[in-house]
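The values are calculated or read from the model by the stated rules, or taken from the named source; none is laboratory data. Keep in mind the model is a prediction, meaning the values are calculated, not measured. Please note: Cβ atoms are built from the backbone with ideal geometry, for glycine as well, and neighbour counts cover all protein chains shown.
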Amino acid sequence: MRMSQGGLIDRGRILNFSFNGRSLQGHPGDSLASALIANGIRLVGRSFKYHRPRGIFSAGSEEPNAMLRIGPEATAEPNTRATQTPLYEGLQARSQNHWPSLEVDLLSINNLLSPVFSTGFYNKTFISPRKLWPVYEKMLRHIAGHGRAPGQRGPEQFEQCFSHCDVLIIGAGPAGLAAARRLASTDLRVVVVDECERPGGWLLKENTSIDGSNGTDWCDRITRQLSAAENVTLLYLTTAFGFYDHNLVALAERLPSGAATFSQRLHRVRAKQVVFATGSIERPLVFANNDLPGIMLAGAARAYLNQFAAKVGQRMVIYTNNDSAYRSAVDLSDAGVDVAAVADLREAPHASAIARLSERGISLYKGARIAAHGRRHLRSVRLCHSGSEQALQLDCDTLAVSGGWTPTLHLHSQSGGAVRFEPQLDTFVPGTPKQATVAAGAVNGLHGLQECLDDGERAAVTIAKRFGLVTGAPNGRSIDPSNESVENQLLFDTDCPAVKVVNQHKARRRGIGASGKYFVDFQNDVTISDVRQAYRESYVSVEHLKRYTTLGMGTDQGKTSNLNGLDLLAGLREEPVPKVGITTFRPPYTPVTLGLLAGQSQGAHLSPTRKTVLHAKHEQAGAVFDFNGLWLRPRCYLRHGETEETAIGREIRAVREGVGMTDVSTLGKFEIQGADCAEFLNRVYIGNMDTLVSGRCRYGLMLSDDGMVLDDGTVTRLDQQHYFITTSTGHAEHVLQHLEFLLDVLWPELDVNLVAVTEQWAGVAVAGPASRKLLRQLAGSDTEVLESVPYMGYASIELEESGQCIKARLLRISYSGEMAYEIYVPAHSATHVWELILNHGPGFDLQPYGMDAMDVLRIEKGFIVVGADADGRTTPMDIGMGAMLSKTKHFIGRHALTRPAMHESGRFQLVGLQAVNYQDGLFEGAQLTRLAGDRGYGASIGHISSAGFSPLLQRHVALALVRDGRKHLGQTIYSQDPARACPTPVGVTIVEPCAYDPEGARLRR
Amino acid sequence: MTKLQSSIQIPVRNTLAPGVTLRQYTGYSLLHFMTRGDRDKATELLARQLNMSIPTCPNTAISHTNGMRVLCFGDKRWLVHAPVPDWKLEPVEGCAVTDLSDSRVLFCIKGEPVREQLARVCTLDLASSACAPGGCALTQFEQIPVLLHVNDNCSYDLYVENSFSEDLMRVLTVKK
Amino acid sequence: MQEIRCPWCGPRVQTEFEYYCDDSLLTEVWGSEAVQQNLDRVFLRSNHLGYHQEIWQHTHGCRGWLRVLRHNLTHEIKESQPLGSNPVVDKDGRMQS
């Protein structure tokens, strides 16, 4: 029911929304929960396990029951708290977790089967017979879980940004606003965030007065001042959900984005100081059937009235162990709700609290214990109290409960801050902070408005001091000390301490009909008997309790249940609560969508894509692309009507019989200059590099300091003190770091200047018997130079075309085993060179070839790829390069190679493989075994590290790492890959790695 | 024989936030200058050759009105930006010069909301004194390495390696 | 995300850096024939709970090298220095100059 006046809603405008297909109306300023309450909707969902009917329990992010699907059916977001959803025009809401309907839910049979579904049943049931597991699994998938993921991607946009500020104030309640106001007068960059749609915190939910005006007016005034301040940023509907290392706070901001969908923005804020003004959450009481619709937190009952002008019911009883709930009696009674009684667990409530009741003719029962009754919703409450032997029954439709207030410690705790148990408040408060933070307000266990305002000011002064600043009172006005009034006090002095929650359920229950379930955790349907059962089964630590019963593991993170569960456990263990301890708080504070965390990094954009300068040329030539690390490279070039297999075969033939060209720009490239270059190269590579003369290049293998192959590449001596180094594409970054470490950290005395030039030089390899003839057409006046370049030689030449020339570095090296030249040109000229070569191509049947062809060509020659054939466990000896190891100088990895295990038998060695039946396929990753047959396979003796199909040899070629492979040349073993391509074992013969032109005659022509 | 002029052109996507423009600059030279020896000696020799002062503190740059710019981006490492192509540095004793003119693509992003635009991907505090005009920083935008030069409060030059340039374009422009 | 202060670039987000190795790897003497000592240096190091002298590189920044004194549980960073200074630290993170 909506009150005719009051509340912070805009009555001038109407918003239409629907709940379970029913059209309803609300106002701007409403939350979905308040609009439902104003429309008299009491049943909003079914609980997780038992499918019990549930109603709205709270007015904040601690809500455990009102989890709805919001949005159009195909893209609806499940498990959204109605209390945290601002109402908008056209909002569609649906309840969850019931079948066939919310009102008639057949799955509530679970309630009757609750002995089966008691705690820990996950671990005890559905185990045997094992054959039935697929049946169980199907069934469980239907009944387990809460909510249903949408089938389609919604229109929501996710953005991210990085922010920096001096002070981040989390929470715009009285303490947060007081702190912000104080800090606004300094030059500090201040950001204030609040998870609600408007600032004010509990000022919006209570009747208070500050500086002569009511709390909400004060709040509006302060907020206007803060908005006008240049150094202050205010963010609403923004939840600080995680506190990370070094004062990094993650914020999830929800933004209205035109049509009825919210977009979200993730802020990663690095704040020099953080103020936790995060407030506190009301704690429920535990009693029989305490989950019926109509039972809610006392603070929420008055919040709906004060903030939203929505009456939560017609006839109310209040059950409490502290003074704050009396405010509900006052506020609701003044609004016309029939408040039948206040049942107080205590024997002696505060006098001023009692006075306010008698003013309104509300009965008070002291020393009370209650049980709730009703089926689909609350109908009555039966209570016993210390004033009489008789139990009595009160008919009501609403029960407002309060068990005290629990400071919202989550972010403080995530930051590593200690927590301290405050016995007078029967709860934990923030202790010593670990990072640059300070806590202020209700989170420190303060319950008076004046105290909170003062605490906020105090925090601001502390923070300012940390910056070496002094804050003056803003605008010369300070907060009026006459704010001390009964109105502004949630709890009074501690002469009458709140009674411990755990006691109240154990008391004698004289005729109040106290059978039924006593819920501790509403969201996960955990009851007192579950906690007791866990204790009986020896799950006595708080961490075990949590995981065995799932108490506190729901999406509400136990905001209304952790402390009660802890209390219970402490009682069972007969130890004080602080001894039992609390479980770890982990981000996020409230659920966060994965889309928000992913931002734009989704799909193809999970990592950056690197393209060579020739990418457009490859596209023009019909390339099929694939990723090699971050690089996008052509696998092959498809001509019209071709399959990939035919294309690759064609390209391989072109290289072996004519001429092919390929883009080698992705190779890592470095230039080193200086007097000590030769010495440096000697230390890094296993071979003697100091004997390399100008104009020559050499294959180089480098090891890491454990003796394993790190990378292979080439070293070219351009000049006396100038070298050009190439590495493999995949290891370029790693090798760069390795070399930088050596030069900058270990050997700063060496005169070697290292510069990465991977992107400066693009490279095209022209390979095949006709390669030199083709290049002659381009060399112009440098033809003689071209002719004189020996195998493994280098020359600087100029390529010419119609009056224009391009300077190039020409290296005569081959990865394909044919006569080949690698032409390196400055990157911005690469496309011209590609065109140039292509233009002269037709006469030689020139064809571009891609990675797949390149791979087969090098496998035919037995050339390794570091990462595949040398996998970090491989020494140079293992891959047949032991002869390259220098005997005259020290190099990285030399000591490690002296270890006995490096020379023992049983090492995996590089060999070639040939299928016994030529048609059989060989596949990378296949395991190799000695045996195959009914007796089994025995242990794996290695695997195929590289494989491909050779059109020239008309069979598959492969390289493999086989135990003692070189001792077993000619023997037959078996290859199999049951999970993928090769389910039955294939016989293979161990052969030399090089299957084609082993003397290398074709290279040196 | 004329030297072939060429450059990479990245098509600019027109989906930036309103008020922000992104342009690519071509026709400049970029030379890498470093030493393993004495820093002061190297800077003196370079200053003499360029006839302008050289920044010695990393993450600072000095620009001349004629378009020359020297960026110090690491200990004893500089990038010399000349506003014309094919510009050369004379060899300097004890130092190494490497031409990197072809290795980068240069963008200039500017406009009043440019900081907000960059904050989506830039982890630096652009309002801090480290990012005051004249400052430069090597950093990364969504895993793409970028050398950022602060022209003034509303204008930033971004040097990015060729292979990442298209992706940087995508990362900088708003997807709507 | 931790924040590490690069001696050249100032405080930067941890993703710009890469952890490279433990400080103990810096005690190498090039060319020394103390084989076992060198192998121990490569393979053996203490992994205690507490402060470690770590070698990081500012790979996505200035590519400089730094030695960071960092607690491997709380992530508290006490110091970060350019490689070249030589503080000696005991297992509790107490610096001896």
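Here are a few things to note about the model shown:
- Annotation note: of A:713, A:700, A:687, A:707, the sole residue that is part of a strand (DSSP E or B), outside the structural domain of residue A:793 (by TED's automatic domain parsing) and closer than 18 Å to residue A:889 by Cα is A:700.
- Scanning the range C:21-70 for residues that are assigned to a strand (DSSP E or B) and within 14 Å of chain B (Cβ to nearest Cβ) yields C:57, C:65, C:66.
- Residue satisfying condition, being surrounded by fewer than 19 Cβ atoms within 10 Å (Cβ to Cβ) and within 19 Å of residue B:108 (Cα to Cα), within set B:27, B:37: B:27
- Index of the failed condition, residue A:215 passing every other in (1) in contact with a helix residue (DSSP H, G or I) (Cβ under 9 Å, 6 or more places away or on another chain); (2) buried (at least 19 other Cβ atoms within 10 Å of the Cβ); (3) modelled with pLDDT of 90 or more: (3)
Per-residue answers, yes or no, for (1) within 12 Å of chain B (Cβ to nearest Cβ); (2) touching a Cys at 6+ places or on another chain (Cβ under 6 Å); (3) surrounded by 24 or more Cβ atoms within 10 Å (Cβ to Cβ):
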residue: A:756; (1), (2), (3): yes, no, no
residue: A:763; (1), (2), (3): no, no, yes
residue: A:785; (1), (2), (3): no, no, no
residue: A:800; (1), (2), (3): yes, no, no
residue: A:822; (1), (2), (3): no, no, yes
residue: A:850; (1), (2), (3): no, yes, yes
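- In the range A:875-909, the residues that are among the small types (Gly, Ala, Ser), surrounded by fewer than 13 Cβ atoms within 10 Å (Cβ to Cβ) and more than 20 Å from residue A:689 (Cα to Cα): A:901, A:905, A:906
- Condition met for residue C:8 (touching a residue at least 12 places away in the same chain (Cβ under 8 Å) and in contact with a Pro (Cβ under 9 Å, 6 or more places away or on another chain)): yes
- Some residue of the range A:186-198 being modelled with pLDDT of 90 or more, assigned to a helix (DSSP H, G or I) and not assigned by TED's automatic domain parsing to the domain that holds residue A:61: no
- Test: residue in the range A:704-711 that is within 14 Å of another protein chain (Cβ to nearest Cβ), crowded, with 19+ Cβ neighbours inside 10 Å and under 23 Å from residue B:35 (Cα atoms): no
- Any hit, the range B:94-102, residues being farther than 21 Å from residue B:68 by Cβ and either in a loop (DSSP other than H, G, I, E, B) or among the aromatic types (Phe, Trp, Tyr) (or both): yes
- Single residue of A:972, A:874, A:929 found to be within 30 Å of residue A:681 (Cβ to Cβ) and modelled with pLDDT of 90 or more: A:874
- Meets criteria (surrounded by fewer than 19 Cβ atoms within 10 Å (Cβ to Cβ), more than 14 Å from every other protein chain (Cβ to nearest Cβ) and either under 30 Å from residue A:842 (Cβ atoms) or at pLDDT below 95 (or both)) for residue A:635: no
- Looking across the range A:271-303 at every residue that is of a type in the set (D, E, K, R) and in a loop (DSSP other than H, G, I, E, B), the one that is nearest to residue A:206 (Cα to Cα) is identified as A:283.
- Residue within the range A:721-730 that is more than 25 Å from residue A:869 (Cβ to Cβ) and part of a loop (DSSP other than H, G, I, E, B) present: yes
- Contact annotation: residue pairs with Cβ atoms under 6 Å, 6 or more positions apart or on different chains, pairing a residue in the range A:872-884 that is in a helix (DSSP H, G or I) with a partner that is crowded, with 22+ Cβ neighbours inside 10 Å, are A:882/A:876; A:884/A:686; A:884/A:687.
- Counted residues, the range A:724-754 - those being β-branched (Val, Ile, Thr), within 25 Å of residue A:813 (Cα to Cα) and either touching a residue at least 60 places away in the same chain (Cβ under 8 Å) or facing chain B (nearest Cβ under 10 Å) (or both): 3
- Strands (runs of 3 or more DSSP E) (entirely within the range A:399-499) containing at least 1 residues that are crowded, with 22+ Cβ neighbours inside 10 Å and modelled with pLDDT of 95 or more: A:405-407, A:427-430, A:437-439
- Within the range A:294-321, being of a type in the set (A, V, I, L, M), out of contact with any Cys (no Cβ under 6 Å at 6 or more places or on another chain) and farther than 11 Å from residue A:335 by Cβ holds for A:295, A:296, A:297, A:298, A:300, A:303, A:318.
- The range A:824-835 - residue that is buried (at least 22 other Cβ atoms within 10 Å of the Cβ) and within 18 Å of residue A:659 (Cβ to Cβ) and, of those, nearest to the chain's Cα centre (by Cα): A:834
- Any hit, the range B:157-175, residues being more than 14 Å from chain A (Cβ to nearest Cβ) and assigned to a loop (DSSP other than H, G, I, E, B): no
- Here residue A:42 passes the criteria (1) touching a strand residue (DSSP E or B) at 6+ places or on another chain (Cβ under 6 Å); (2) within 25 Å of residue A:297 (Cβ to Cβ) except the one numbered (1).
- Just one of the listed residues (A:172, A:179, A:149) is in a loop (DSSP other than H, G, I, E, B), closer than 29 Å to residue A:255 by Cα and at pLDDT 95 or above, namely A:172.
- Residue within the range A:586-608 that is within 30 Å of residue B:140 (Cβ to Cβ), free of Cβ contacts under 8 Å to residues at least 40 places away in the same chain and in contact with a Phe, Trp or Tyr (Cβ under 8 Å, 6 or more places away or on another chain) present: yes
- Verdict on residue A:944 being under 30 Å from residue A:819 (Cβ atoms) and of a type in the set (Val, Ile, Thr): yes
- Restricting the range B:103-147 to residues that are within 12 Å of chain A (Cβ to nearest Cβ) and on the phi > 0 side of the Ramachandran plot, the residue that is surrounded by the fewest Cβ atoms within 10 Å (Cβ to Cβ) is B:143.
- Selection within the range A:935-989: residues that are surrounded by fewer than 17 Cβ atoms within 10 Å (Cβ to Cβ) and at positive phi. The member of this set that is nearest to the chain's Cα centre (by Cα) is A:938.
- Every listed requirement among (1) buried (at least 17 other Cβ atoms within 10 Å of the Cβ); (2) touching a Lys or Arg at 6+ places or on another chain (Cβ under 9 Å); (3) away from every other protein chain (no Cβ under 14 Å); (4) more than 28 Å from residue C:14 (Cα to Cα) is met by residue B:83 save one, (1).
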